[in-house]
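K.L.:
Just passing along the structure, written as structure tokens.
The values are calculated or read from the model by the stated rules, or taken from the named source; none is laboratory data. These numbers were taken from a predicted model, which means no experiment stands behind them. Cβ atoms come from the backbone with ideal geometry, glycine included; neighbour counts cover every protein chain shown. Only protein heavy atoms, including side chains, enter the accessible area calculation; ligands, DNA and RNA are left aside. Shrake-Rupley method; radii C 1.70, N 1.55, O 1.52, S 1.80 Å.
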Amino acid sequence: MKWAAPRGVHLAMAGEGTRSPGLAIGAREAQWVAKLLHLPAEPVLESIESSKAINQKASTCLPLSLGDGRFLFLKKGSAEHLDEKRRWRTGKSLSAEHAFYTRALPCLSRGSAGLPLVPRCLGSWTSRTGDLELASESQRLGEELGIEGELLLLLEDARHVADGEVLGQVGPSPGGMTSSQARAAVRWLARFHKTFSGSPSQDLDVWPQGGYWSYAKRVVVSQGAGQKLPVDTTSRRIGEEWEGLVERLGDSAPELRDVRVFGLPFDEALGESAGSLSRILARGCLEEHRRCLLHGDYKAANIFVGEDGDSATAVDFQWSGWGLPGVDLAYFLCTSLNESALGEVDELASVYFEEFGGESGSFSFELDVSIADYVRYLVADMWSNLDSEKIDENRLCSNVGMHKRSLKHLTKVVMLGARSLENLYGNAGEASTRRTLARLFTCVVKLAQMAGDIVAASWAGRGTIGVTNKGYEGDFDPQTEADVAAERLIVGVLSQLFPEIMLIGEEGESSDRDEENVENALRELDGALKDIAPWEIQLPPKVDLKRDVTVWIDPLDGTKEFLRGDQQGVTTLIGVAIAGTPVFGAVCSPFSERGRTVWGGLGVGGAYEQGREEVMGTARPLLPPPSPRRDGLKRIVTTRSHGNAAIEEAAKELGGETLKLGGAGRKILMLLDGTADSYVFPSKGTKRWDTCAGEALLLALGGKLLKATDGTPYSYDAESAKDPYNDEGLVASIHDLEDSCRACRKAKL
């Protein structure tokens, strides 16, 4: 049969420009459907030709009525016609939808109590196979017929998945779901999340973080001339866009003029919280946390409900991926309610929680984080150029969130975001101290990177790096110009910004400064210390900044390795202790491929890593390494340059492989990465500035660094600065601490 493009499924739509041939649905697709359903091709093609296509930028959808009582839906997707950036993102979304229907959905058993109702997939084909070997009959048929595009799905029509009931979508006017419809929708969502809560990855090619508005997908990074570090523009954009929105809406939304959060202007609180919100949500995407599979685009336009408000289902899983369940719920509440249901946000959250279960405190916190993060996206990205006239134009656009169709909804969403931020700030307490420490911790990360750049830059001129010997009684303890310059920068900046806090540096350069480098760094850091929100800081009670806080600095850990050319043994270490306990650390590896910096601690509730070109808001959360290690071998790391009989005895007692390496920072990173199990050094040799930053990171992942003699921790308080030597040796581990301590106690210092 010779096929011509049927009416309603043209390659171009009015006002849309040229569409990809990969979106056309015709004879090949009809044959594919017919073979899957064991039908003649003619009635399938007739149904295609008579159906009204639903065209979107990267998909064509057709309802099929085949005359045998079956109501189906044919969806075809392609990103080939889009620009490079959108092509990758849309292509990934097509892969995610294919993965959901072919790998996640089959685990659901239709009709089982408590399971969500989802349209079944009767056939699938994709050109985006990657490394997957897809052996289904529908995939084979698609390849045999030469289907074009990137995705083809044959689905049950969502309107007909409930027994004895036809489901429907919300109409464009007045828009939004009623209270009964919304309750059915949140109950479905809770069942969906519960079904896939804590799910293993199952090799699903879904988004690592579900939803299209996540910080990592939307962040804009800039780096001006002369700047050492990339700049996250999110906070600035939030301020500029919020000011513009309030001005454009003017007297039509007077409530927005003075929205405040704990005394702060709304946009300032939202801007300084953006990175913290992002990191918490990123942690929620990991298997070891409270993650579940998200729908990723759970709005009224993708939801079908029954007239009685009991049944519901959803479609369009292109943004499905991992995350905290509150992400989907927040998006739904902010986009999909009518004016009446808008006043029942708390009741709808309770309906969800009653269905999903769990611990109420965690649920409330996660929902606050999710709402605030979605409002961050709206202010920074979605409400640009929005005004009363555009809101009125959008009034009947059913695929647009209600916050862009109704001024009342927009105002309510802002107030929800402000309330969520109030909850986050209010539960933190001690605002002034937390704000100072949030700035200090951010500054420590950026100074570790800047100092690492000084160390890396000095490598090109290593033949004239001015080596001196700090050692006594014949010991060789080298100091280079890079050590001195890096410490002068760190101490110079910190002493200017935090004069009340005690600084202890290995090189003793606190009284000498490189004025030009310090002033340049201060200019760059001005206004750039908002990457950690005060409410993210976790503190012991009653912290006195002057008395309790110490900063330990090793600007170039592994100087001997640096001189030997062992670049991987070189790190910059900055650790922060409160009342003697390390609570935050930054370890920069200036010679690593990506310029890696690992930072965090109990003071921020976790540990993260980022590359030289990345920003703190997109830093990736670290998890404790597996135990035992994946290769099954026990690996011990110890000193290269301070070896003695006690070290040999401890290593022998532990068994396994022993690596002798220089650089305390490198050995700590190996524990964090799981490439070593224990770091044993039952001997003198290290000092507090060698271990403070690393110990903070170990504590964040459940590990410890202890004295080799008795298994007690070292103190990093101001008094210990008088004698900073770790004279009782050390043992450090995340999983093998007990065995390592026992082995070290048997060895004699």
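K.L.:
Based on alpha-carbon centroids, what's the gap between the range 74-104 and the range 560-579 in Å, whole number please?
P.N.:
First find each Cα centre; the distance between them is then 44 Å.
K.L.:
Right, next: Residue 727 to residue 129: extension gain in nm, 0.36 nm per residue of separation minus the Cα-Cα distance?
P.N.:
209.5 nm
K.L.:
What does the extension gain come out to for residue 354 and residue 140, with contour length at 0.36 nm per residue minus their alpha carbon separation? Let's see the in-between values first.
P.N.:
On the way: separation 214, 0.36 × 214 = 77.04 nm, distance 4.41 nm.
Answer, rounded to one decimal: 72.6 nm.
K.L.:
Turning to a different aspect of this structure: State whether the range 284-417 is rounded, prolate or oblate according to the following rule on the C-alpha gyration tensor (a ≥ b ≥ c being the square roots of its eigenvalues): a/c under 1.5 gives rounded; otherwise a/b larger than b/c gives prolate, and the remaining case gives oblate.
P.N.:
Taking the square roots of the gyration eigenvalues as a ≥ b ≥ c, the range 284-417 is prolate.
K.L.:
If you don't mind, another one. Would you mind checking the tilt of helix 515-525 against the longest principal axis of the Cα atoms of the chain, expressed as 0 to 90 degrees and rounded to 10?
P.N.:
20 degrees
K.L.:
For residue 66 paired with residue 712, estimate the spin-label separation in nm (one decimal), with each label point 7 Å from Cα along the Cα-to-Cβ line.
P.N.:
The answer from the label model is 7.7 nm.
K.L.:
Right, here's the next one. Magnitude of the Cβ-charge dipole of the chain, K/R +1 and D/E -1, about the Cα centre, nearest 20 debye? Working shown, then result.
P.N.:
Details: 84 positive and 107 negative charges, 214 e Å.
Charge dipole of the chain: 1020 debye, to the nearest 20.
K.L.:
Give the separation of the Cα centroids, the range 712-739 to the range 134-174, in Å.
P.N.:
61 Å
K.L.:
Give me the accessible area per residue for the range 220-345, probe 1.4 Å, as a whole number in Å².
P.N.:
For the range 220-345, the per-residue accessible area is 35 Å².
K.L.:
Could you estimate the translational diffusion coefficient of the range 117-176 from the Stokes-Einstein equation, with Rh from the Kirkwood formula over C-alpha pairs, at 10 °C and 1.306 mPa s, in whole µm²/s?
P.N.:
Taking Rh from Cα pairs, D becomes 113 µm²/s.
K.L.:
I would also like to ask the following. Could you sort the peptides 565-573, 295-303 by per-residue average Cβ neighbour count (10 Å cutoff), highest mean leading?
P.N.:
295-303, 565-573
K.L.:
Mind listing P(r) for the range 527-598? All alpha-carbon pairs, 5 Å bins, whole percents.
P.N.:
Each 5 Å bin holds this share of Cα pairs: 3, 14, 18, 19, 17, 12, 9, 6, 2, 0.
K.L.:
Sort the following peptides by mean Cβ neighbour count (other Cβ atoms within 10 Å, averaged over residues), highest first: 387-398, 651-662.
P.N.:
651-662, 387-398
K.L.:
Calculate for the chain the 222 nm mean residue ellipticity that helices alone would give, adding -39,500 (n - 2.57) per DSSP H run of length 4 or more and normalising by residue count, nearest 500 deg cm²/dmol.
P.N.:
Numbers: 23 runs with 281 residues, N = 749.
So the helix-based figure for the chain works out to -11500 deg cm²/dmol.
K.L.:
While we're looking at this one, here's another question. Per residue, what volume in Å³ does the convex hull of the Cα atoms of the range 649-749 enclose? Please list the in-between numbers first.
P.N.:
Numbers: hull volume 9.1 nm³, N = 101.
Per residue, the Cα convex hull of the range 649-749 comes to 90 Å³.
K.L.:
Using only Cα atoms, tell me the angle between helix 27-37 and the longest principal axis of the chain; keep it within 0 to 90° and round to the nearest 10.
P.N.:
Approximately 90 degrees, to the nearest 10.
K.L.:
Given 0.36 nm per residue, what is the gain on full extension from residue 80 to residue 385 after removing their alpha carbon distance, in nm?
P.N.:
Fully extending the segment from residue 80 to residue 385 adds 106.9 nm.
K.L.:
Carbon-plus-sulfur fraction of the accessible area of the chain, 1.4 Å probe, in percent?
P.N.:
48 percent
K.L.:
Mind listing the long-range amide H neighbours of residue 261? Cut-off is under 5 Å, sequence gap 5 or more, other chains count too, H placed in the peptide plane at 1.01 Å from N.
P.N.:
Those lying under 5 Å, H to H, from residue 261 are 266.
K.L.:
Once the convex hull of the C-alpha atoms of the chain is built, how many Å³ does it hold per residue, rounded to a whole number?
P.N.:
Normalising the Cα hull of the chain by residue number yields 181 Å³.
K.L.:
Report, to the nearest 10°, how far helix 326-335 tilts away from the longest principal axis of the Cα atoms in the chain, using its own Cα long axis and a range of 0 to 90°.
P.N.:
The two axes meet at around 50 degrees.
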